[in-house]
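Have a look at the structure below before the remarks.
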Amino acid sequence: MSKFSLLDLSMPNSLASRGLLLALVLSVAACSTPPRTKQASITDRSSSIASTAPEPVQPGFYRVKRGDTLLRIALDNGQSYRDIAAWNNLSDPNLIEVDQVLRVRPPPGARVTAKPIEPVKPADSKDPKVVAEKKPAPKKADEKEVAVSEAKVDAVDPPIKLSWPAKGKVVEEFSEGKNKGIDIAGKLGEPIQAASDGKVVYAGNSLRGYGNLVIVKHDNTYLTAYAHNRSLLVKEGDTVRKGQRIAEMGDSDANMVKLHFEVRVNGKPVNPIQFLQ
């Protein structure tokens, strides 16, 4: 048998083997191919998110945000944190939740801190005019609270006249969005005095960035804050008089010895200079 005849005889078997192998490969490939499934649709959730966004709160209320504390909320609304806790039936002022809606203005008939009544000074003259001015005494000297209606809560009381809370140079002035008050430089331990008569609604160091802090509420509109003290000489609930020593200057939570002094009108920071005598 020649060489060519051997090739001729082997070719059919080779082709058959290759064909069988190719068929086997295609069969395996077909079995391994996953069945086609219907493509999952993509849902635009922006509309559903928008529909579940919290609704705006009514005037006199506040929705708690992440990082809020009741003390910060009270300061920003010109209230005592204890009053807000009472108006919202909070048994623990430290427990508030994100998205919780709190009343930050007194409900009708609520009792809030009022401006302390000035004591009647003894007359040093028999001038009938002096006697006439002294005669009307509609309120007792120890009355500190009055019932108010909700409609009058946002009314602004007459401008308050404040004395300087500390002696020293103003090293940083009021700036909206940057500095909510003025910074007065001084020496460690120098006296910090109440800028006007009022009631201490906070004395402590729980408000971040303020160090040892005293907050005095003067009436239904104005309150003052005294921060970075070395020590506090008053406690919450004390009634203080204008010029009374309430703290000692320090550098708690600050980079230097100074007093950070704020004036708030219905909770909004304003420039203290316009009220200082």
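The values are calculated or read from the model by the stated rules, or taken from the named source; none is laboratory data. The shown structure was predicted, so the numbers you read here are calculated from the model rather than taken from an experiment. Cβ coordinates were reconstructed from backbone atoms using ideal geometry, including for glycine residues, and neighbour counts include every protein chain displayed.
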*Within the range 256-267, is even one residue touching a strand residue (DSSP E or B) at 6+ places or on another chain (Cβ under 8 Å), β-branched (V, I, T) and within 28 Å of P106 (Cβ to Cβ)?*
yes
*Taking the residues in the range 71-91 that are within 14 Å of G204 (Cα to Cα) and aliphatic (A, V, I, L, M) as candidates, determine which candidate is surrounded by the fewest Cβ atoms within 10 Å (Cβ to Cβ).*
L71
*asked:* Can you pull out every residue in the range 213-263 that is among the polar types (S, T, N, Q), surrounded by fewer than 17 Cβ atoms within 10 Å (Cβ to Cβ) and part of a strand (DSSP E or B)?
replied: S231, T239
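Take the residues of the range 108-118 that are surrounded by 14 or more Cβ atoms within 10 Å (Cβ to Cβ) and not in a strand (DSSP E or B): which is modelled with the lowest pLDDT?
At the first step, the residues of the range 108-118 found to be surrounded by 14 or more Cβ atoms within 10 Å (Cβ to Cβ) are 110, 112-117.
After this cut, where a residue has to be not in a strand (DSSP E or B) as well, the list is 110, 114-117.
Values: A110: 71, A114: 45, K115: 43, P116: 42, I117: 34.
Among those that are surrounded by 14 or more Cβ atoms within 10 Å (Cβ to Cβ) and not in a strand (DSSP E or B), it is I117.
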*Is there a residue in the range 170-183 that is within 21 Å of P93 (Cβ to Cβ), surrounded by 21 or more Cβ atoms within 10 Å (Cβ to Cβ) and not small (G, A, S)?*
no
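Considering P54, P106, which residue is over 15 Å from the mean Cα position of the chain (by Cα) and under 25 Å from V263 (Cβ atoms)?
Working: P54 fails: under 25 Å from V263 (Cβ atoms).
Exactly one of P54, P106 is over 15 Å from the mean Cα position of the chain (by Cα) and under 25 Å from V263 (Cβ atoms), namely P106.
Which one is surrounded by the fewest Cβ atoms within 10 Å (Cβ to Cβ) among residues in the range 184-200 that are outside any strand (DSSP E or B) and among the aliphatic types (A, V, I, L, M)? Show your work before the answer.
Quick first cut of the range 184-200, residues outside any strand (DSSP E or B) only: 186-190, 194-197.
Among the residues that remain, those that are also among the aliphatic types (A, V, I, L, M) are: 188, 194-195.
Working: L188: 10, A194: 26, A195: 28.
Checked the range 184-200; the qualifying residue surrounded by the fewest Cβ atoms within 10 Å (Cβ to Cβ) is L188.
Conditions tested, residue by residue: (1) modelled with pLDDT of 55 or more; (2) more than 30 Å from E176 (Cβ to Cβ); (3) not in a loop (DSSP other than H, G, I, E, B).
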residue: L7; (1), (2), (3): no, yes, yes
residue: L15; (1), (2), (3): no, yes, yes
residue: V28; (1), (2), (3): no, yes, yes
residue: D44; (1), (2), (3): no, yes, no
residue: Q58; (1), (2), (3): yes, no, no
residue: I73; (1), (2), (3): yes, no, yes
residue: I84; (1), (2), (3): yes, no, yes
residue: R105; (1), (2), (3): yes, no, no
